[in-house]
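Please read the structure below before turning to the comments.
The values are calculated or read from the model by the stated rules, or taken from the named source; none is laboratory data. Predicted, not measured: the structure shown is a model, and the values here were computed from it. Cβ placement follows ideal geometry from the backbone for every residue including glycine, while neighbour counts extend to all protein chains displayed. Accessible surface is based on the protein model in full, side chains and every heavy atom, while ligands, DNA and RNA are left aside. Shrake-Rupley method; radii C 1.70, N 1.55, O 1.52, S 1.80 Å.
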Amino acid sequence: MNPTKIPWCDFTWNPVVGCTKCSPACERCYAEAGHTKRHLAYMEGKLKALPQYAKPFGVIQCLPDRLDEPLRRRKPARIFCGSGTDLFHKDVPDEFRDQIFGRVIATPRHTFIVLTKRQENMRRYFDFATDNRMDAIGEACRQCTAGECDGVELDPPLPNLWLGVSVWDQPSADAAWESLRDTPAAVRCFSYEPALGPVDF
């Protein structure tokens, strides 16, 4: 887990890395710039201990070895999950998302923040009324804690999960809210960056 401080969170957690552009706001993506710099270094023979940089940023990589990082952090923290990706990219399997959110349930001492530019995919994933999503997340929790979370209430929304949408102008904010308000979440939020146009929230 990256210990670098971001003003609104304590740590970042990236069980998935990589993304592709889906909006005008992606033009100068900080995550892409950072990954590409390290990818080029990897290709030059450096950073060989960091195999996630063997592939370019446009390749979505699910990294199971990072899933348990929040479990090992004992002190309560606010954790930004997915600073190097969009967890609701179409190439991230729902089954891997179940594993991620299983860890969210397993660590109620932490607060997790997830941001997406693909709010419709997020709304679909958390549409608990139409599938067995909570069953799958609960099973992932039981697997990673050896059943310790059996007594945890699994009714949505997940109480320690904040769901947010990145917006960059008024049309994107309006579209985001239409979807976000139908997404079950303990806290719903916007991230207004980059500011490509004015927004009246």
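Where both bridge residues fall in segment 40-198, DSSP classifies roughly 0% of the beta bridges as antiparallel. Per the Kirkwood formula applied to alpha carbons, segment 13-58 shows a radius of gyration over Rh ratio, Rg over Rh, of 1.00. If R0 is taken as 30 Å, the Cβ-Cβ distance between Gln170 and Glu95 corresponds to a FRET efficiency of 0.25. Under a 5 Å amide H to amide H cut-off, with H placed in plane at 1.01 Å, what residues pair with Thr111 once short-range neighbours are removed? Residues meeting the criterion, in which the H sits 1.01 Å from N, are Ala77, Arg78, Ile79.
Between Trp177 and Arg124, residue separation times 0.36 nm minus the direct Cα-Cα distance comes to 17.6 nm. Each other residue within a Cβ distance under 12 Å of Ile113 adds +1 if Lys or Arg and -1 if Asp or Glu, for a net charge of +1.
Kirkwood analysis of the Cα pair distances in segment 142-199 returns a hydrodynamic radius of 13.4 Å.
Computed over Cα pairs, the Kirkwood radius of the chain leads via Stokes-Einstein (0.890 mPa s, 25 °C) to a diffusion coefficient of 139 µm² per second.
Adding -39500 (n - 2.57) for every DSSP H run of four residues or longer, then dividing by how many residues the chain holds, sets the calculated 222 nm ellipticity at -9000 deg cm²/dmol. Considering only Met134, Met122, Met43, the Gaussian network model of the chain with Cα springs below 10 Å gives its largest mean-square fluctuation to Met43. In terms of the mean number of neighbouring beta-carbon atoms within 10 Å, the peptides 15-24, 108-117 order highest first as 108-117, 15-24. Radius of gyration over Kirkwood radius for segment 89-201, both on Cα atoms: the Rg/Rh ratio is 1.01. Rolling a 1.4 angstrom probe over the protein heavy atoms with all chains in place gives segment 144-201 an accessible area of 54 Å² per residue. Cβ screening of the chain for cysteine pairs under 4.7 Å finds these without a partner: Cys9, Cys19, Cys22, Cys26, Cys29, Cys62, Cys81, Cys144, Cys189.
In segment 1-80, the inverse of the mean reciprocal separation of distinct Cα atoms equals 14.1 Å; this is its Kirkwood hydrodynamic radius.
The residues of segment 78-127 present an accessible area of 31 Å² per residue when probed at 1.4 Å with all protein chains retained. Using the Cβ of Val16 as centre and a radius below 10 Å, the other residues enclosed give a net charge of 0, where K and R count +1 and D and E count -1. Length gained on full extension, Glu44 to Asp155: 35.1 nm, using 0.36 nm per residue less the C-alpha separation. Histogrammed with a bin width of 10 Å, the alpha carbon distances of segment 67-129 distribute as 20, 53, 25, 2 percent, first bin at zero.
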